[in-house]
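Asks: The following block contains the structure, expressed as structure tokens.
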Amino acid sequence: MRIAQLAGNALTELWSLRTDTTVHPAEPPDPAGRVSVLLVRTCWETTRVEAPSPQFVELLRRMQFGPVSPANVVDSFPAVLATAESLSVEAAALEEELAQVQGSVVRTLVLGATPLLSVVPTGPGARFDPRLLPPGRPRRLSRFAVLHSVPGGLCLQSPLSHHRVEVEHPGVGWLLGELGDGRAGAVRYAEQRPLAADAVEMTHAYLAAAAMVTPQYGNAYAEDTDPALSGWSAAELFVHTRSRIGKPGQEPGLTFAPKDRTAPAAPARDEPAGVQLPRPVLSRLRDTDPSLTEVLEQQGLTREFATTAPTLEQLGELLYRTARARAGGRPHPGQGGVRTLEIYVISVHCRDLLPGAYRYHPHTHRLEPVPGDREAADALLADARTTAGLDQLPPLLLVLTTRVPEGPNRHRPGAYTEVLKEVGALQQTLHLACTAMGLGAHVLTAGGVEAVAQALGLDWLAEPSVGEIILGLPARLSTEN
């Protein structure tokens, strides 16, 4: 006979600690074995519990080893949700102590001996207080909730939640699909549910307390009438919350690729073949450049480029000023001193440089021709022309990419937004240098991911494009040149 059969189909709540949680007394116990202060540490905070009860100390000790029922240490502790009025004095005291460490407590709903789902805190503001929803009240999966696959099952996350939900039973997956349709789903599929009514209601209570399900109030769901949420999509709010410290659902720490995942091969670096770019004399530039104030006052998007082509010398000077490798890093700011960007040049009209696509080598200040699809490059240039509102193709198009294993794959979840910030810093640096040199520049607001990959012969997942900028001579200088 299986353990699940012995346990029957009773619903139970089990409690455990996040795997990164440590528990120890601030000082050695007294001769009677009592602890005066208990320290509960997570990766984001340390909680001091003053004068913890022996039952609480013992329960936390057990919770470090996995999910357990508080009834193991306090017999009267309820197996599932209970109102405060129905709790015994001992159970109420234990629940009050557990509330102090909610940021480290994982709650698991179990049917018999089978886990249904676990709610895991993901930040110091996590507060989980599940309550059964009013009978008959419509409820719907939040439009900000995202379900994805993780090792061991499915994970439900939301940028509005301080928790993640680990789905451990296929029946919960069924309920999530039903909740996507709100009231209509509940009516349509009620008789086909794989879980009993009490398990369904408890699951809904867990999901609502974790901010994954939104109940209906009046004739509308709360999140649909909240003006603060009306301007956000789920994807944009995820990016925002993952790029700021202390926002809901952001777990700190580094992330790494699985050991059996092969990183994309790095492109050949600093090969002698290609075009050697001219190097400017920096000491001369210091004497002849306009002041920063003049540059800031003069810079602006170039909306019309001259028919005269920029020169290879000007391109070399621009890249040397802004993107070469030097002691202490490149001239433009980067994320914590780590430079993740690659620069490609697509030439249409540039004196002394053949049309085509090139990769810039910052260490040797060279351009290396790259194999790619010419038709895709033409389509990319046509898109750039349309986006910038130009009458002709861009003379030069600089494409910025990032190699994922060297950037987002090694850092915390907000690393991709840090890459985008570096893109902005490099584009601004390029723009300032262009203004100082009398060149025109036009930063593009969007670019074609697949077109760039085809034009440059890249795998867009391994090295995605993250920014583009058009370069050339502004039309006002056409007659002077």
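The values are calculated or read from the model by the stated rules, or taken from the named source; none is laboratory data. In this text, all values refer to a predicted model and were calculated from it rather than measured experimentally. Here Cβ is always computed from backbone atoms with ideal geometry, including for glycine, and neighbour counts include all displayed protein chains. Note: accessible area is taken over every heavy atom of the protein model, side chains too, but ligands, DNA and RNA are not part of it. Shrake-Rupley method; radii C 1.70, N 1.55, O 1.52, S 1.80 Å.
Asks: Could you tell me the calculated FRET efficiency between Ala71 and Leu420, based on Cβ-Cβ distance and R0 = 35 angstrom, to the nearest 0.05? Could you put the intermediate results ahead of the total?
Replies: Numbers: r = 50 Å, r/R0 = 1.43.
After rounding to 0.05, the efficiency reads 0.10.
Asks: Would you work out which of Gly33, Ile346, Leu312 lies farthest towards the positive end of the dipole of the chain? Charges go on Cβ: Lys and Arg +1, Asp and Glu -1.
Replies: Positive-most Cα among the choices belongs to Leu312.
Asks: Non-local amide H neighbours of Gly467 (under 5 Å, H modeled in plane, Pro and chain starts lacking H): which ones?
Replies: Here Leu400 satisfy the definition.
Asks: Calculate what fraction, in whole %, of the accessible area of the chain sits on carbon and sulfur atoms when a 1.4 Å probe is rolled over the protein chains. Spell out each step's value before the answer.
Replies: Values: 12810 of 23840 Å².
For the chain, the apolar C and S fraction of the accessible surface comes to 54 percent.
Asks: Averaging sequence separations of C-alpha pairs under 8 Å and six or more residues apart, then dividing by the length of the chain, give the relative contact order as a whole percent.
Replies: Details: 857 pairs, mean separation 57.2, N = 481.
Relative contact order of the chain: 12 percent.
Asks: Shifting gears a bit: As a check on your grasp of the helix formula, calculate [θ] at 222 nm for the chain: sum -39500 (n - 2.57) over DSSP H runs of n ≥ 4, divide by the residue count, round to the nearest 500. Numbers along the way, then the final one.
Replies: Values: 14 runs with 143 residues, N = 481.
When only DSSP H runs of four or more count, the value is -9000 deg cm²/dmol.
Asks: Let's see if you can work this out: charge +1 on each Lys and Arg Cβ, -1 on each Asp and Glu Cβ, no other charges. What is the dipole magnitude of the chain about its Cα centre, in debye to the nearest 20?
Replies: 520
Asks: Given +1 on the Cβ of Lys and Arg, -1 on the Cβ of Asp and Glu, and no further charges, what dipole in debye does the stretch 53-197 carry about its Cα centre, rounded to the nearest 20? Provide the component values of the computation, followed by the final result.
Replies: Numbers: 13 positive and 13 negative charges, 139 e Å.
Computed charge dipole of the stretch 53-197: roughly 660 debye.
Asks: Pick out, from Leu426, Thr46, His361, the residue whose Cα sits farthest towards the positive end of the charge dipole of the chain, with +1 on the Cβ of Lys and Arg and -1 on the Cβ of Asp and Glu.
Replies: The listed residue farthest towards the positive side: His361.
Asks: On a 1.4 Å probe surface of the protein chains, which of Ser76, Ser158 comes out largest in accessible area, and what is the full order? Before the final figure, lay out each step's value.
Replies: Working: Ser76 55, Ser158 0 Å².
Reading off the accessible areas and sorting them downward yields Ser76, Ser158.
Asks: Along the charge dipole of the chain, which of Gly180, Leu471, Leu94 sits closest to the positive end, that is, farthest toward it, with unit charges on the beta carbon of Lys, Arg, Asp and Glu (+1, +1, -1, -1)?
Replies: With unit charges placed on the Cβ atoms, the residue in question is Leu471.
Asks: Leu397 accessible area, nearest 10 Å², 1.4 Å probe?
Replies: 0
Asks: Given axes a ≥ b ≥ c from the Cα gyration tensor, I'd like to know whether the chain is rounded (a/c under 1.5), prolate (a/b larger than b/c) or oblate. Intermediate results must be reported in sequence, preceding the final value.
Replies: Values: a/c = 2.91, a/b = 2.22, b/c = 1.31.
Judged from the Cα gyration tensor, the chain comes out prolate (a/c at least 1.5, a/b above b/c).
Asks: For the chain, what is the accessible area per residue in Å², given a 1.4 Å probe and the full set of protein chains?
Replies: Working: 23840 Å² over 481 residues.
Ligands and nucleic acids excluded, the figure is 50 Å² per residue.
Asks: Show me, for the stretch 60-73, the HN-Hα J-couplings you get by feeding each phi into the Karplus relation (A = 6.51, B = -1.76, C = 1.60, θ = phi - 60°), rounded to Hz, glycine and proline as x.
Replies: Once θ is set to phi - 60°, the couplings for the stretch 60-73 become 5, 4, 6, 5, 5, 9, x, x, 9, 9, x, 5, 5, 10 Hz.
Asks: Let me ask something else. Once you mark the chymotrypsin sites (Phe, Trp or Tyr not before Pro) that are in a DSSP loop and have at most 14 other Cβ atoms within 10 Å, what is the longest gap between them in the chain?
Replies: Working: sites that count: Phe65, Phe256.
Counting at most 14 other Cβ atoms within 10 Å as exposed, the longest clean stretch of the chain is 257-481.
Asks: With every protein chain left in place, what is the accessible area of Arg385 in Å² (1.4 Å probe, nearest 10)?
Replies: We get 90 Å² for Arg385.
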